[in-house]
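Undergrad: Sharing a structure with you now.
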Amino acid sequence: MSVQVIGQVGMLALIFFVFIRIPVAVAMGLVGFGGYSLINGVDRALQVAGQVPYDIATNYTLSQLPLFVLMGDLAVRSGMSGRLYSTAQDIFAGLRGAHAYATLGASAGFGAVSGSSVATAATMTRVAVPSMQEAKYDDRLSAGCIAAGGTLGILIPPSIALVIFAMIAEESVPRLYAASLVPGILLCFLYIFIVAIIVWIAPHWAPQTSDRPRFRDRIRSLGQVWEIVVLFAMVMGGLYTGLFTATEAAAVGAFGAWLLGTVTGRLTVADTKEAIFATIRTSAVLFAILYASNIFAYFVVLAQLPQGLVSWVNSMDLSPIALMLLISGFYIILGCFLEAFGMILITVPILLPLIQQAGFDPVWYGVFIAIMIEVSMITPPVGMNIFVMQGQMPGISLPRLYQSVMPFVIAPILLTVMIILVPEIATWLPAVLFD
């Protein structure tokens, strides 16, 4: 049996395992180890399985993962999300749909310190839902805003997903964060535009509940979010100016979140202890997934799957734009069955050579895949953000939640088309800052 055939059988086995709901990490580990054993022997496969943990533990890029996770957890426990939402409400007060706009704005702001879509969705569900229910918003608009707003945590830096992409693609984390900033802000505005259309079509979904505050009151309200502004300025400012490396920025962010919470008296010793243990649990899961993905990557390279895919696509003679639209459709379908990290870990080793041959920047590809992940977070049957929300909103059925979020799926799809047609949306800022 040729290595190419073994590779193809391995991919079919991986798809089968995913469909029968075997965890992605387990599926990748089994396929990677089994395929490598068939090609190079069990002894060599065991050597790789023993070497990978050391490679991961000594990978400097990955050292920032637990630090960014800790920063987000400390920010949640010190109540930054609630104050951010309150400020956003004051800014949008007086507009029909103000609570919905505030939810999206607060989600974008909180995503800038959490780096996680699921954490953003879970936090904003707790913060925004009671306020929107009290204002008698239609639950479909409330759920849609929170689910969509949660996805901004993947794209707006610092993003944990982009750190993992950087590790696999061997790209610069600062460049990825610079590339994702403008698309992240643009996506937030697209979500707000979707809300404006919904409110215009169905005004009864968003009752107008308050008068427009005075300008001085809006400015005063901004003082509530000074901690997040300081935290983001320290982390991203130091990163973009070259003062910090990505890992140093993550350390500064984690320490800054703890210091701000402690100084203001909003973070207790018990909160800090819980945040540390929660970070350990989350990081352990992430590193287990990365361990399996590395073994799978060894198998992918050995089976020559990327080279075979490149040859097959070349035979189709597709233009770069047609190729990316085809890959976009592939990711949308894949996102219906895989969670975020699984999409990155499985597809990047195979598709990256194809993306580069088509003339696209690997950093641009990181932004592209982050947007594709955003779609997967809010589409059935997986839709992790939907499941997180459903656990905290048991009164709303799962089908109704999926129905509520479908209009918002238009925004990331539209953004995908925009960055394919105009790649400079993602590549302009990294070129200005680092070239």
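The values are calculated or read from the model by the stated rules, or taken from the named source; none is laboratory data. Predicted, not measured: the structure shown is a model, and the values here were computed from it. Note that each Cβ is placed from the backbone with ideal geometry, even for glycine, and that neighbours are counted across all protein chains shown. With ligands, DNA and RNA removed, areas are computed over all heavy atoms of the protein, side chains included. Shrake-Rupley method; radii C 1.70, N 1.55, O 1.52, S 1.80 Å.
Undergrad: Considering every residue within segment 47-67, establish whether at least one is of a type in the set (F, W, Y) and in contact with a Phe, Trp or Tyr (Cβ under 9 Å, 6 or more places away or on another chain).
TA: From segment 47-67, those of a type in the set (F, W, Y) are 54, 60; that's our starting set.
Then drop every residue that is not in contact with a Phe, Trp or Tyr (Cβ under 9 Å, 6 or more places away or on another chain), which leaves none.
No.
Undergrad: Turning to a different aspect of this structure: Taking the condition of being part of a helix (DSSP H, G or I) and either open to solvent by 60 Å² or more (accessible area, probe 1.4 Å) or of a type in the set (G, A, S) (or both), how many residues in segment 263-281 meet it?
TA: So the first thing to find is which residues in segment 263-281 are part of a helix (DSSP H, G or I), and the list is 263, 269-281.
Filter again for either open to solvent by 60 Å² or more (accessible area, probe 1.4 Å) or of a type in the set (G, A, S) (or both), leaving 263, 269-270, 273-278, 280-281.
Selection size over segment 263-281: 11.
Undergrad: May I ask you to list the residues in segment 302-332 that are among the aliphatic types (A, V, I, L, M), surrounded by fewer than 18 Cβ atoms within 10 Å (Cβ to Cβ) and at pLDDT 75 or above?
TA: Listed by number, the residues that qualify are M316, L318, I321, A322, L325, L326, I332.
Undergrad: Of all residues in segment 75-84, count the ones that are crowded, with 24+ Cβ neighbours inside 10 Å, touching a Leu at 6+ places or on another chain (Cβ under 9 Å) and not hydrophobic (A, V, I, L, M, F, W, C).
TA: Number of matching residues: 1.
Undergrad: I'm trying to understand the selection: among the residues of segment 40-52, which are more than 35 Å from the chain's Cα centre (by Cα) and either open to solvent by less than 40 Å² (accessible area, probe 1.4 Å) or closer than 14 Å to A292 by Cβ (or both)?
TA: G41
Undergrad: Consider A122 carefully, then state whether it is small (G, A, S), assigned to a helix (DSSP H, G or I) and open to solvent by less than 10 Å² (accessible area, probe 1.4 Å).
TA: On the way: small (G, A, S): yes; assigned to a helix (DSSP H, G or I): yes; open to solvent by less than 10 Å² (accessible area, probe 1.4 Å): no.
No: the conditions fail for A122.
Undergrad: For the subset of segment 25-39 comprising residues that are of a type in the set (V, I, T) and open to solvent by 20 Å² or more (accessible area, probe 1.4 Å), which member is nearest to R175 (Cα to Cα)? Spell out how you get there, then give the answer.
TA: If we filter segment 25-39 for residues that are of a type in the set (V, I, T), which is where we start, we get 26, 31, 39.
Now drop any that are not open to solvent by 20 Å² or more (accessible area, probe 1.4 Å), which leaves 26, 39.
Details: V26: 31, I39: 37 Å.
If we take residues in segment 25-39 being of a type in the set (V, I, T) and open to solvent by 20 Å² or more (accessible area, probe 1.4 Å), then V26 is nearest to R175 (Cα to Cα).
Undergrad: Residues that are surrounded by 21 or more Cβ atoms within 10 Å (Cβ to Cβ), among the hydroxyl-bearing types (S, T, Y) and assigned to a helix (DSSP H, G or I): does segment 282-292 have at least one? Full working, then the answer.
TA: Residues of segment 282-292 surrounded by 21 or more Cβ atoms within 10 Å (Cβ to Cβ): 289-290, 292.
Going one step further and asking which of them are among the hydroxyl-bearing types (S, T, Y), we end up with none.
Checked segment 282-292: no residue is surrounded by 21 or more Cβ atoms within 10 Å (Cβ to Cβ), among the hydroxyl-bearing types (S, T, Y) and assigned to a helix (DSSP H, G or I).
Undergrad: Restricting the search to segment 82-94, which residues are of a type in the set (A, V, I, L, M, F, W, C) and either free of Cβ contacts under 8 Å to residues at least 60 places away in the same chain or within 15 Å of E227 (Cβ to Cβ) (or both)?
TA: Going through segment 82-94, the residues of a type in the set (A, V, I, L, M, F, W, C) turn out to be 84, 88, 91-93.
Residues satisfying the conditions are L84, A88, F92.
Undergrad: Quickly run through segment 93-108 and pick out the residues that are surrounded by fewer than 21 Cβ atoms within 10 Å (Cβ to Cβ) and either closer than 16 Å to M124 by Cβ or not hydrophobic (A, V, I, L, M, F, W, C) (or both). Steps first, answer last, please.
TA: As a first pass, look at segment 93-108 and keep what is surrounded by fewer than 21 Cβ atoms within 10 Å (Cβ to Cβ): 93-96.
Those that are surrounded by fewer than 21 Cβ atoms within 10 Å (Cβ to Cβ) and either closer than 16 Å to M124 by Cβ or not hydrophobic (A, V, I, L, M, F, W, C) (or both): G94, R96.
Undergrad: Condition first: closer than 23 Å to L46 by Cα and in a helix (DSSP H, G or I). Can you find one or more residues in segment 302-314 that meet it?
TA: Let us first name the residues in segment 302-314 that are closer than 23 Å to L46 by Cα, namely 302-305.
With the extra rule that they be in a helix (DSSP H, G or I), the set shrinks to 302, 305.
Looking for residues that are closer than 23 Å to L46 by Cα and in a helix (DSSP H, G or I), one finds at least one in segment 302-314, hence yes.
Undergrad: Which condition number does A143 fail, the rest of (1) aliphatic (A, V, I, L, M); (2) over 17 Å from L415 (Cα atoms); (3) surrounded by fewer than 24 Cβ atoms within 10 Å (Cβ to Cβ); (4) more than 15 Å from the chain's Cα centre (by Cα) being met?
TA: (3)
Undergrad: Right, something else. Among (1) more than 19 Å from V129 (Cα to Cα); (2) at pLDDT below 80, there is one condition M80 misses while meeting the rest; what is its number?
TA: Among (1) more than 19 Å from V129 (Cα to Cα); (2) at pLDDT below 80, M80 violates only (1).
Undergrad: Would you point out the residue of segment 373-430, among those that are of a type in the set (G, A, S) and modelled with pLDDT under 70, that is surrounded by the most Cβ atoms within 10 Å (Cβ to Cβ)?
TA: Applying the first criterion (of a type in the set (G, A, S)) to segment 373-430 yields 376, 383, 391, 395, 397, 404, 411, 426.
Adding the requirement that they be modelled with pLDDT under 70 leaves 383, 391.
On the way: G383: 23, G391: 10.
Result: G383.
Undergrad: Ok, one more. Across segment 162-182, which residue is nearest to L429 (Cα to Cα) among those that are open to solvent by 10 Å² or more (accessible area, probe 1.4 Å) and small (G, A, S)?
TA: In this case the residue turns out to be S172.
Undergrad: Just checking, does segment 63-74 include any residue being open to solvent by 10 Å² or more (accessible area, probe 1.4 Å) and over 30 Å from L290 (Cα atoms)?
TA: The answer is no; no qualifying residue exists.
Undergrad: Residue check: is V252 surrounded by 19 or more Cβ atoms within 10 Å (Cβ to Cβ), at pLDDT below 80, touching a helix residue (DSSP H, G or I) at 6+ places or on another chain (Cβ under 8 Å) and in a helix (DSSP H, G or I)? Before the answer, list the steps.
TA: Values: surrounded by 19 or more Cβ atoms within 10 Å (Cβ to Cβ): yes; at pLDDT below 80: no; touching a helix residue (DSSP H, G or I) at 6+ places or on another chain (Cβ under 8 Å): yes; in a helix (DSSP H, G or I): yes.
Judged against the criteria, V252 is not a match.
Undergrad: Here is a list of conditions, (1) on the phi > 0 side of the Ramachandran plot; (2) in a helix (DSSP H, G or I), and K136 meets all of them except one; can you say which number that is?
TA: Looking at each condition in turn, K136 falls short on (2).
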